[in-house]
Amino acid sequence: MDPIQSRVDDLISRMTPAEKAGQLTQYFYFRLPAGAADEPALGLDVEKQPGMVESALAEGGAGSLLFVTDPAEINRLQRLAIEGHRHGVPLLFGFDVIHGLRTILPVPIAMAASWDPETIERGQSVAAREARAVGIHWTFAPMVDIARDPRWGRMVEGAGEDPYLGAAVAVAQVRGFQGAGLGTPDRVIAGPKHFAGYGAALGGRDYDEVNLSDAELWNVYLPPFRAAVDAGAGNVMTAYMDLNGIPGSGNRWLFTEVLRETWGFGGFVVSDANAVRNLLTHGFAADLTDAGARAVNAGVDMEMAISDAAYGHLTEALESGAADPAAVDASVRRVLEAKIRMGVFDSPYVDEDRARAVLADPAHRDVARTAAERSAVLLRNEGDLLPLDARRLGSIAVIGPLADSKRDTLGPWVFDFDLDETVTVLDGIRAHVGDRVRVDHARGVRVVQRVFPSMFDMFGDNRPGDPEGFDEEAEFRRAVELARGADVAVVVAGEWQNMIGEAASRSSLELPGRQLELLQAVVETGTPVVLLVMNGRPLDLRWPAEHVPAILDIWYPGTQGGAAVANLLFGAVSPGGKLPFTWPRTVGQVPMVYSHTRSHEPENQTRRYWDEESTPLFPFGFGLGYGRFSYADLTVDRASVAADGTVTASVRVTNTADREADEVVQLYLHQRYGSASRPVRELKGFRRVTLAAGESRTVDFPIGPGERRYWNAAARDWVTEPSTFDVWVGGDSTAELTTTFEVA
Ligand code: NOJ
């Protein structure tokens, strides 16, 4: 018998029902700043919470903790747990390592915009290394939820609208976090989330219900999860909301039938925070005992709890017969197995000195800078304003409060950052040009506050503010005058980091506050303007897209953000990122995706509204660079294949510019007829290539049954059908170079 299994069986045979329930319970462990106790969103007494958790540890009442990142504290709590457990079972420490721990990478939507699995994998391997060094075993990432409604703030945490890109990004992240598998040194367990459909919240309102058709669920929302599971993810997290009327955390079909029985997932499932208790809130469970029983019976192995866990009632649920003892044992088995595989039994403590050294590793900063360079998307570059030539500039005006905000440069979902080493856009430009160019900065407008505050504001440094005595009118004028006197103005505008992420949905996509007005006044001076957008969702850029010559989307670029931005602005590297979502003109158009189907009056597809074009401002897959790419000779290696055959499409891509640059070559596919209507086109292949000046390269894409199959809602199954297929290849989703092949 497998030695891990026998070790697990032996432990389980000696555990009481209460000890089993303990292994299935994960608690937040908060040491929050003074004042956080007033935070109603938490629904707990912050002062009493650590004591409550420590008492649970002292009697084997918890199997895992989250939100501890200090290695000394992790060692202390681990000792409490091991000494408090009759069988010395250690804790698994989990945390939201979303885009870095100390070294902050660009936000996940930015990483996806790199269309570069290698960059993504390398980035998350750095995040994993830092996390593991401080004693974290498991990250609640990647978020692989498809997001098609940019009002939903969590769009920033995912890979955008497309299942094919989403699956590729999911795989790269799982590999980065986990390495070769559970137990790889310097890596952590990856936990794709939130299973499933969370991104489709009604109205883009976080946590609100989701209603997805069978076809959308299988063809769009599930593929990134499937890919993450196939890549070996050790954990999956549930979702908060109702999916088609059933709470995401009580859905046996999802966790048992789809995840385990159909996909063969062998890891453990954790609930989202308090989501098992929420089965009561939903009006699904009768009481906490019922909630615990139904979640565990559905296949939710571990409950993430803020306080007063529903799984604390599992002993009663077992006694009454409500909880299936076999389900409980299976869950305990999965949790213990993860602990053994991760080596936590054998080496439960971390070396605090080593942790310090790993967090300070300069190589990690290089990875973050490169990732930020590769994530940026150039949206407009009229008259080749970019790259700027520092030798021909006397002065630069850097405008906007976000230009020099360290905290905002990092983006949401980070807690352990180091502001001292964070490079803002202003810092980056100054460091790049040195004393040769005069660089002035004006904030111009005040920091905009959310109407309803964010629950994340309670964490240190998260709440933005203006300098003391800030006079917006005077500062606005000063900003415009600086721009007027400069050779170029770099305006940084977007959303403050607490305006995006969890519980950060929006009813509008406009630039918050007076940022657009400031931008307009700066453009009116006649000085050439570069707009840098700091965002995690598309914003309403209709005016800038017509009037600002250069627009570069830098997202929330992370610790080395400013250094990366300077390299892009001054041409040390060419932007090569592409949009991972369709960029709407205005909020009234959402949701808007490139892969829609065709129906009545397709000739009016772009005029579905009488007051605004129903085309995007920028299409999915779009992004410019300092190169110029031409596509030619699109061919398929055979005109016709059998249902199980593969066609290879080839295209020649040439960089006709006089400098090296990157291009993301994209392949789109369309099935002309069949037993369901198929989207007008769907991404089915991509490759990011670097081409020297004048270089040509042939890029091949296999198109096999895997690329052609889809979930047919009528058959309730996957199908691959005979049909004529259109292929397009190009630099974005509007690519025109096309060919066809037949599937017989
Ligand atoms: C709630 C979020 O939905 C989830 O993504 C996160 O991992 C947990 N909180 C823990 O912070």
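The values are calculated or read from the model by the stated rules, or taken from the named source; none is laboratory data. What you are looking at is a predicted structure, and each value in this text was computed from that prediction instead of being measured. Cβ placement follows ideal geometry from the backbone for every residue including glycine, while neighbour counts extend to all protein chains displayed. Quick note on the areas: whole protein, heavy atoms, side chains included, nothing else; ligands and nucleic acids left out. Shrake-Rupley method; radii C 1.70, N 1.55, O 1.52, S 1.80 Å.
Quick notes
- Convex hull per residue volume in Å³, alpha carbons only, for region 517-582: 109
- With an a/c value of 1.5 or above and a/b not larger than b/c for the gyration tensor axes a ≥ b ≥ c computed over the alpha-carbon atoms, region 536-663 is described as oblate.
- At full extension, Asp230 and Arg79 could sit 50.9 nm farther apart than now, given 0.36 nm per residue minus the alpha carbon distance.
- Taking Cα centre as origin and charging only the Cβ of basic (Lys, Arg, +1) and acidic (Asp, Glu, -1) residues, the dipole magnitude of the chain rounds to 1080 debye.
- Taking Cβ atoms as reference points and 13 Å as the exclusive limit, the residues near Asp346 contribute a net charge of +3, counting Lys and Arg as +1 and Asp and Glu as -1.
- Close amide-amide hydrogen proximity is noted between Leu92 and Ser64, Leu65, each under 5 Å apart and 5 or more residues distant or on a separate chain (H modeled in the peptide plane; Pro and chain starts excluded).
- Averaging 1/r over every pair of different alpha carbons in the chain and inverting the result gives a Kirkwood radius of 26.8 Å.
- Convex hull volume per residue for region 436-587, taking Cα atoms only, in Å³: 143
- With kT/(6 pi eta Rh) evaluated at 37 °C and eta = 0.692 mPa s, and Rh the Kirkwood radius from Cα pairs, region 272-422 diffuses with a coefficient of 155 µm²/s according to Stokes-Einstein.
- Region 251-330 - charge dipole about Cα centre, Lys and Arg +1 at Cβ, Asp and Glu -1, debye rounded to 20: 220
- For the chain: accessible area per residue (Å², 1.4 Å): 36
- Efficiency of FRET between Asp633 and Glu601 - r from beta-carbon atoms, R0 41 angstrom, step 0.05: 0.70
- Long-range amide H partners of Val398 with built H, under 5 Å: Asp440, His441, Ala442, Val490
- Within the chain, percent of DSSP bridges classed antiparallel, to nearest 5: 55
- A simple rule links phi to the HN-Hα coupling: the Karplus curve 6.51 cos²θ - 1.76 cosθ + 1.60 with θ = phi - 60°, which for region 545-553 gives 5, 9, 10, 9, x, 10, 10, 10, 8 Hz, with x for Gly and Pro.
- Size of electric dipole in region 617-711: Cβ of Lys, Arg +1 and of Asp, Glu -1, about Cα centre, debye, nearest 20: 360
- 3J(HN,Hα) couplings calculated from phi for region 695-711 with the Karplus curve 6.51 cos²θ - 1.76 cosθ + 1.60 (θ = phi - 60°) are, in sequence order, 6, 10, 8, 8, 10, 10, 10, x, 10, x, x, x, 6, 9, 6, 8, 7 Hz; Gly and Pro show x.
- Considering only Thr635, Pro679, Gly60, the residue lying farthest towards the positive end of the dipole of the chain is Thr635, judged by Cα position with unit charges set on Cβ.
- Per-bin percent of Cα-Cα distances, region 57-165 [5 Å]: 2, 12, 19, 17, 14, 12, 10, 7, 5, 2
- In a fully extended conformation the segment linking Ser320 and Met52 would gain 93.8 nm over its present Cα-Cα distance, using 0.36 nm per residue.
- Principal semi-axes in Å for region 425-495 [√(5λ), Cα gyration tensor, largest first]: 27, 17, 10
- Since only Val689, Ser213, Trp718 are under comparison, the one whose Cα sits farthest along the positive direction of the charge dipole of the chain, derived from C-beta charges on Lys, Arg, Asp and Glu, is Val689.
- Note on region 386-462: Cα-Cα pairs beyond 16 Å make up 60% of the total pair count.
- Selection from Phe417, Ser307, Ala355, by position along the positive dipole direction of region 294-419 (Cβ): Phe417
- Karplus-derived HN-Hα couplings along region 119-133 (A = 6.51, B = -1.76, C = 1.60, θ = phi - 60°), whole Hz, x at Gly and Pro: 4, 5, 4, 4, x, 6, 6, 5, 4, 5, 4, 5, 5, 5, 4
- Calculated on C-alpha atoms, the gyration radius of region 154-310 divided by its Kirkwood radius gives an Rg/Rh of 0.96.
- Legend: P(r) of region 675-730 from all alpha carbon pair distances, 5 Å bins from 0, whole percents, reading 4, 13, 23, 21, 13, 10, 7, 5, 3, 1, 0.
- Long-range amide H partners of Ser595 with built H, under 5 Å: none
- Ellipticity at 222 nm from helices only: DSSP H runs of n ≥ 4 in the chain, each -39500 (n - 2.57), divided by the residue count, give -8000 deg cm²/dmol.
- Per residue, the Cα convex hull of region 596-695 amounts to 138 Å³.
- Surface composition of region 525-678: carbon plus sulfur atoms hold 48% of the accessible area, using a 1.4 angstrom probe and ignoring ligands, DNA and RNA.
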